[in-house]
Amino acid sequence: MDSRTRVLYWLLNASRGGPTRIRILNVLSSKPMNTRKLAMELGLDYKTIQGHIELLTENGIIYTPKSGYGQVFFISPEWEENKFLKELLKGENNGKRKGNKKRKKK
């Protein structure tokens, strides 16, 4: 695993916000969006999405051609063909952790 893929692994699998970031990337892989639309699409708070977007942008996984109001985010071209990212985005659970359901007490 190269160093770039290690960073991706840490951001998406080894950190607490990984499942949410996978969901964001899944949406962006099919249709570029701005922060507000992403928040509405995923049913999450705007500030939550904003924090994840900032982290993904800082690490070069996504980019925006425009700065300021109304930024639309895309997956960076250098990551579009990354095998590890493609496998994650094809995953069955779409970034949702398995086994976190609470059981009802009888």
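Taken over segment 1-58, the ratio of Cα radius of gyration to 2.2 N^0.38 Å equals 1.11.
Charging the Cβ of each Asp and Glu at -1 and of each Lys and Arg at +1, and nothing else, the dipole of the chain about its Cα centre rounds to 1120 debye. The mean sequence distance of close C-alpha pairs (under 8 Å, at least 6 residues apart), as a share of the length of the chain, puts its relative contact order at 30 percent.
Remark on the chain: hydrodynamic radius 14.4 angstrom, per the Kirkwood mean of 1/r across alpha carbon pairs. The residues Arg16, Arg6, when put in order of fewest to most other Cβ atoms within 10 Å, stand as Arg16, Arg6.
Rule-based calculations on the coordinates, nothing more; no lab input. Every value quoted in this text rests on a predicted model; they were computed, and no experiment measured them. Note that each Cβ is placed from the backbone with ideal geometry, even for glycine, and that neighbours are counted across all protein chains shown.
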